[in-house]
Amino acid sequence: MKIDHVHFYVEDAKVWRDWFVHYLGFTVVASTIHSLHTCTEVVQSGAVCLLLSSPLLPTSPVAEFLRQHPPGVADVAFAVADVEAAIAHAQAHGAKILQSVGEYQIGHISRKSGKIAAWGGLTHTLVETSREQDENHHPNSTSLITAIDHIVLNVAAGDLASVATWYENILDFQPRQTFKIHTDRSALYSQVMVSRDGSVQLPINEPASSNSQIQEFLDFNRGPGIQHIALQTPHIVQAIAQFRSRGLPLLSVPQTYYSQLQQRPQIPLSPTELAAIAQQEILVDWQQDSQTGVLLQIFTQPIFAQPTFFWEFIERRSQAQGFGEGNFRALFAAIESEQIKRGTLQ
């Protein structure tokens, strides 16, 4: 299983197409899909393919989504080896089938797919891609963004176990790490689910306090949904420097974080590297028993008008694992400072 594409429902697809091109260096895929009621733009960077749809008429499914939720991720599509078998399995285990298996066209490529309802307003399209199409898909090695590292789903308090079980039963995901993260002000629980082949990582969060950043997301999103997507970059310092020069708003990290970082034993970065990382306000994590595995990550401000969806950029050096657990407190502090500015956290 792989992530085939992520589908955003937005108010103006062309505006957001230009946003991805300008800020993140995505390329516009030549074929633009128009139906009578919906406009869809397709952008790509490396192996990351994003569909951006906006309504042309009130009858558009996008218009219906936007009546219930702010702009955001409506569908995460997974590439599977046998879509008919995957849909049959999902249906047998109680999934609601929104679209039965059929052929559809993107540009010159015909693909077979079906769609199931997931949690809240989220759906999953299951796409069967032929081996030939898979082999012909060679991401551009010069892209600043090369792949999706993980996708994070926020759900209501008390729903985490049910949602994790749903992904296990319907899509054969397996449970991995669990986290309980808290600061003086807020808390969350997280269960990481991973596809059986390990290529798709889906952390699922629920709030563990009434003023949690997860609860703030649920309130503004009017239900569960995708909170953020982590995009892999092979050179995060250079990528973030470029994104900053284009004006991309990022969460700020206090310089005290880097002075505290230098107190940690066995820091696997040279002073020059650490200075460049500090200049770009990138978070750093590593396992104490690993001299090479380093995780570098940074987060944008919410990209839409409401404080809902944001991007993470991540570089994993020497197959570094995990999700930056050592950075959770610093990340929480950065998000909480934004919550305080918004007046949603006292």
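Scanning segment 158-214 for residues that are surrounded by fewer than 16 Cβ atoms within 10 Å (Cβ to Cβ), at pLDDT 95 or above and polar (S, T, N, Q) yields Ser162, Thr165, Asn169, Gln174.
Annotation note: of Ile314, Ile335, Ile282, the sole residue that is at pLDDT 90 or above, under 17 Å from the mean Cα position of the chain (by Cα) and either farther than 28 Å from Gly223 by Cβ or surrounded by 17 or more Cβ atoms within 10 Å (Cβ to Cβ) (or both) is Ile314. Say whether the condition of being of a type in the set (A, V, I, L, M) and surrounded by fewer than 14 Cβ atoms within 10 Å (Cβ to Cβ) is met by at least one residue in segment 20-29. Within segment 20-29, not a single residue is of a type in the set (A, V, I, L, M) and surrounded by fewer than 14 Cβ atoms within 10 Å (Cβ to Cβ). Only one of the numbered conditions (1) modelled with pLDDT of 80 or more; (2) closer than 30 Å to Phe217 by Cα is not met by Glu273, and that is (2).
Restricted to segment 46-101, and to residues that are of a type in the set (Ser, Thr, Tyr) and buried (at least 22 other Cβ atoms within 10 Å of the Cβ), which residue is farthest from the chain's Cα centre (by Cα)? Ranking the qualifying residues of segment 46-101, first place goes to Ser54. If we scan segment 30-48, do we find a residue that is more than 20 Å from Arg111 (Cα to Cα) and free of Cβ contacts under 8 Å to residues at least 12 places away in the same chain? No - not one qualifying residue is present in segment 30-48.
Summed over segment 223-249, the residues that are surrounded by fewer than 20 Cβ atoms within 10 Å (Cβ to Cβ), touching a helix residue (DSSP H, G or I) at 6+ places or on another chain (Cβ under 7 Å) and under 21 Å from Arg317 (Cβ atoms) give a count of 1.
A Cβ distance below 6 Å, combined with a sequence gap of six or more or placement on separate chains, defines the contacts here; from segment 299-311, residues that are free of Cβ contacts under 8 Å to residues at least 60 places away in the same chain and surrounded by fewer than 21 Cβ atoms within 10 Å (Cβ to Cβ) reach no residue that is among the basic types (Lys, Arg) and not in a loop (DSSP other than H, G, I, E, B).
The values are calculated or read from the model by the stated rules, or taken from the named source; none is laboratory data. Keep in mind the model is a prediction, meaning the values are calculated, not measured. Glycine also receives a Cβ, built like all others from the backbone with ideal geometry; neighbour counts cover every protein chain displayed.
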